[in-house]
Structure formats: C-alpha cells, structure tokens
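Each reported figure results from applying straightforward, stated rules to the coordinates on display, with no laboratory input. Here the structure is a predicted model, which means the values were calculated and not measured. Quick reminder, even Gly has a Cβ in these numbers, built from the backbone with ideal geometry, and neighbours come from all protein chains shown.
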Amino acid sequence: MPVPISLRTEGHLPRMQYLAIVPILAFLIVIHELGHFFAARSVGVKVEEFGIGLPPRVKGWRRNGVLWSINALPIGGFVRVKGEDANDREPGSMQIASPWARMWFLLAGPLANLLTAVIISVILVASTGRPAGDRVFIELVEPGMPAEAAGWRPGDRIVAIDGITVESTAEASTAVRANIGRDTEVIIQRGNETLVTHVTPMENPPAGRGSTGIIFSNSRLSNVSIDTLTSSSPAAAAGMQPGDEIKQINGVKVESLGHASGLLNSNFGQETAITYERNGVEHTAQVSVPVASLAVSEITPNTPAAKAELFRTDQITAVNGIPITTGQVFIDEMIAASGTTADLSVTRFTANGPVELETTLAIPDVSAIDRGEVLSTIGFGLLQPNGFSAIGLDPIGEVRYEPVPTSRIIPEGWHQFTYMIAGTIDAIRQMFSGNASLDSFIGPIGMGQLTGEILDQTKGNPVPILLNFTMMISISLGLMNLLPIPALDGGRLLFVIVEILRGGKRVPPEKEGAVHMVGMLLLLGLIFVIAFGDINRIITGESLFR
C-alpha cells in the first residue's frame, strides 16, 4: 500500500543499497500472510495457496496440500483459502466457517504486522535505549493564517494547547482538532522566553493549509551536523565544513533537526549567527541567509514554465514583486494571475556564482482547477523554502538515545510502538482529509529509494535505523490493511460485520467477490500511478530524505 511521506528535497540518483527494501518487504509480507495462514488452520479452513507477490505465477510447489508460489508482481502477497470468493459449502471451506472465525482470519494478518512492530520496538529499546525526548517545533508559518496572527514563528516550540502538555506532533494535531473554531490558549517556548498566546483554529481553512497555518517539524531530540556543503554557498563562505555539529542559532540551543530548520526559516534575508563544534572546539559563523525562495525541482517540457526558460535548481524568490515565503503563497499568486502573465524574480546558480534574473510566465486559466493541480498544469515541480538549502548545506539529524533499566524495556518498547502508531494514524487521517497530494505517497519503489537514502545519510551502525524503518513499514501495512477498502482485509472484514449486524444474513459470495475484484483493480491502478511517480522522481534525481 502507498505510504505517506514528507516534503522532498534535492538528492541523488539511486544506488545499490536501495535494494535493501527487498528483504524488508519480503519479510513483512511473509509475516502478514503467515498470520492469515495460521489463523485459517486454527479454525479448520483449508489453505489452498500461499503466495508471495501477485499473479502471474513464476514458480510454485506443493507441500502438505498447500501450493506455495512466487509471483511476478512484487507488490504484496496472499493466502488463498478454500471457498474464499465462491459458494463452496464443502468441509474446510471458508463459506461454512462462522462469522467470528472469518473475522479472526481477516484480522490475523494485520495483527501479525502490528505484533512484529511491537517486538522490533522492544528489541530497539533493549539494544539502543529510548529517544532522549520529544518536542513539538514549528517549521513554517503560512502568512495570513491564525498562527501568524497569534505571533507564532518558525523555530517556536509548542509546549501546551488548552492546558494540555504536548510532546509529539500527533498530540499537537489532536489537540488542535479538538479546539476547531474556538479561542485556544497555546503556550509557546521561544529561546529562553515562555509566551502565552491565543489562536482560533479555522473550521474550513483554505485548501492546502491546516487549521492554524503551520507545518510541524520532527519532534525527536537529535544532534544536528552538516552532511554535505555546496561550494561558494553562504555557509561555505562563512567557513563551515561537512562534519561540523550545529549547536546554536542566534544564541538558541538547537534541540533537533526540525528545530534548527525552523530557526533558520525565521531568519530568511538576515545575518544569522550559527555556533558549531569542530573537533571539540566551538566556533561561531555569521551567515547571510538569503531571502525565502522556492527551489525548482522539475520543469515539464512544452509547458508555460519551460517556455519561461526556467531550469531545474533555479530559485524563485518573488512573483510580481511579492516575496515567496511558502509554496502555498506561490500557488495563491498563480491563481490570482490566472489567465494573464506574472513577472518572476529568479536566482540561478552558475559556475561564477548566483545570478539574479527576471522572467515572464504566461499562466493558463487555473482558477477552476484543484489547488493541488496548479503547479503541474503550469509545468513546475517546486520544493518548500528551507533555510538549510538557502545557505547551501545538507544537514543530518541523529536521534539522541538514553539507556533504559531492564525492568522498563518492555513498557518503553510498547510506548515507542504506540508513539509510532499515533503518527501513522495521523498521516492516514491527513491522506483521507485531502491534505496530502498524490505525489506525497510512495510505493515499493519509493520505499526502496527512501531506504537507500537513509543508508546514505546514516553514520555508524545502520541496523537500528533499518529496524526502526522496518517497524514503521510494518505498522503502516497493519493499519492500511484494516481500512474498509474492497480487496483489503478491512474491506472483507466490513462484509463480515454487516453479516453479524444483519443477524447472520450474508451478502452472496459472488457479489462480495465482484466488489473485491473491482477494488483490487482500482488499487493496482493506484499502485502503478504511484510507481510511475517513484520512477520519475528517481530519474530526475529528487530525494525523499530530509
């Protein structure tokens, strides 16, 4: 199933370690199907085939009455049981099993994935400890939204909402949703200051924006260091080097990668003091952070963007003289100038340094289309303004861990599991609320790219990182399969629940099978669309990792 991801930044073409996703996915698919397999056996239902991948079949062999198969499409697996989608009333058929037995069979696969995630979480806590802590930081603030009116800034920490302390982005999102439409007290930490603010989350925010108009950052405390540095960039000119650990920004102690990003985002167009540590010695550099800009990640041929002679890696800084602070502001300006032309201010990086350019963009009529389609209609792929990319460095955040007493390993493992469950549920909620566009999802190919990029960025032992990633995917597989979508376990489970509510009266198996077949075709279509986007992203060199 597709997995939600965050905003993209520029990256590199794929490498061999991107194939590390293959054994991870194979392991999790086998675990899922083994859950169904043993559940079927436990209620006396005959298993006819255990398949890895989807047909057509590549290879198969029989053992103990079961056909074990390897199939051509590496996008899942299945357990085919006797009478699953047909009116088969013979012994061993799913059709004569009780509704509760069928419910257990359908739940067993997702539960196996969730149990696996719990076990991995306990192993991680036992071997690496627990994260040193969680914080909720603001990375971007949309202009004209409640957060801006409340005085919030990028880099601020949200401490409490409506009197409730929040320590994760999932908790913060839940608290905001609980206060839609009413004045809410929010405690903000800004450097050494504690501020009491008031915000009223919007009931119907503009498309593409949240109810307060902010983007949360990753909340886990981490050490932030420089991975790569662009030559002739502001950071390089200030004397910073790869491997330097960023300790403070304008005197504020850096607590996580998202916190550092927010602090830099609050200093677009300003001279900023960055304190970093090199070989145990601290240094402070004065870095000029350029004004906020949108990096061009893709230009579609024969589109208005291409005709305006814009190129990949150009930085768009203004539209008709209006500074561009976020991607949503840019889309606002495109819609406002729909059917006319707009003057773009662009920074282009050349071998001789940055060059400021002006170009005219002919904007087609985009007033009647969905906001999520505006950029593709004009021919753009754009990246959110980011202070790190503006000063020319690519950071890496290493989560800080602390040891856990032996008696607390299992409870802490459960806590870390529930933490990730909450984040995954929130991502799924955003997916179905329309706040996530199609290109913000990845399939197996994209997961391979993400795995490779994680390995690219990892310093030291990569095993804990890969185990954490495996846990995340296992949770996603478990929860996504429980959604009431035809062809998924949750979709089949819905029919069983309907049967129970109707006092045992079933939907005819042939009709239910037809519904699941249509659902499967639609899911395959979605998977292939996402796969096309994954391949295109790899070809164009875009990155998923931030």
- How far, in nm, would the chain grow between Thr406 and Ala26 when pulled straight, counting 0.36 nm per residue and subtracting the alpha carbon separation? 133.6 nm
- Item | Ordering of 301-314, 148-161 by packing [mean C-beta count within 10 Å, highest first] | 148-161, 301-314
- Task: Return the loop-located trypsin sites (Lys or Arg not before Pro) in the range 160-232 (DSSP other than H, G, I, E, B) with at most 11 other Cβ atoms within 10 Å of their own Cβ; answer none if there are none.
- Result: Arg182
- Query: Given +1 on the Cβ of Lys and Arg, -1 on the Cβ of Asp and Glu, and no further charges, what dipole in debye does the range 138-216 carry about its Cα centre, rounded to the nearest 20?
  - Reply: 80
- Excluding residues fewer than 8 positions from Lys511 in its own chain, the lysines with Cα under 20 Å of it are Lys82
- Message: Given the options Gly446, His283, Val507, identify the residue whose Cα lies farthest towards the positive end of the charge dipole of the chain (+1 on Cβ of Lys, Arg; -1 on Cβ of Asp, Glu).
- Response: Val507
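For the range 294-386, what is the charge dipole size about the Cα centre, in debye to the nearest 20, if Lys and Arg each add +1 at the Cβ and Asp and Glu each add -1 at the Cβ?
With Lys and Arg at +1 and Asp and Glu at -1, about 180 debye.
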- Subtract the Cα-Cα distance of Trp414 and Asn279 from 0.36 nm times their separation in residues, and report this length gain in nm to one decimal. 44.8 nm
- For the chain, whose charge dipole is built from +1 on Lys and Arg Cβ atoms and -1 on Asp and Glu Cβ atoms, the candidate among Met472, Ala362, Ala351 with its Cα farthest towards the positive end is Met472
- What angle, in degrees between 0 and 90 and rounded to the nearest 10, separates the Cα long axis of helix 21-42 from the longest principal axis of the Cα atoms of the chain? 30
- What's the FRET efficiency of Ala132 with Thr313 using the Cβ-Cβ distance as r and R₀ = 56 Å, to the nearest 0.05? 0.95
- Item | Order by protection proxy (mean Cβ within 10 Å, highest first), peptides 41-47, 254-260 | 254-260, 41-47
- Query: Once amide H atoms are built 1.01 Å from N in the peptide plane, which residues 5 or more positions from Gly76, or in another chain, come under 5 Å H to H?
  - Reply: Gly53, Leu54
- Message: Full-extension gain between Arg190 and Thr230, please, as 0.36 nm times their residue separation minus the C-alpha to C-alpha distance.
- Response: 11.4 nm
- Task: Tell me what the chain gives for mean residue ellipticity at 222 nm when only DSSP H runs of n ≥ 4 count, each as -39,500 (n - 2.57), the sum divided by the residue total, rounded to 500 deg cm²/dmol.
- Result: -12000 deg cm²/dmol
- Item | Farthest toward positive dipole pole in the chain [+1 Lys/Arg, -1 Asp/Glu at C-beta], among His259, Gly397, Ala72 | Ala72
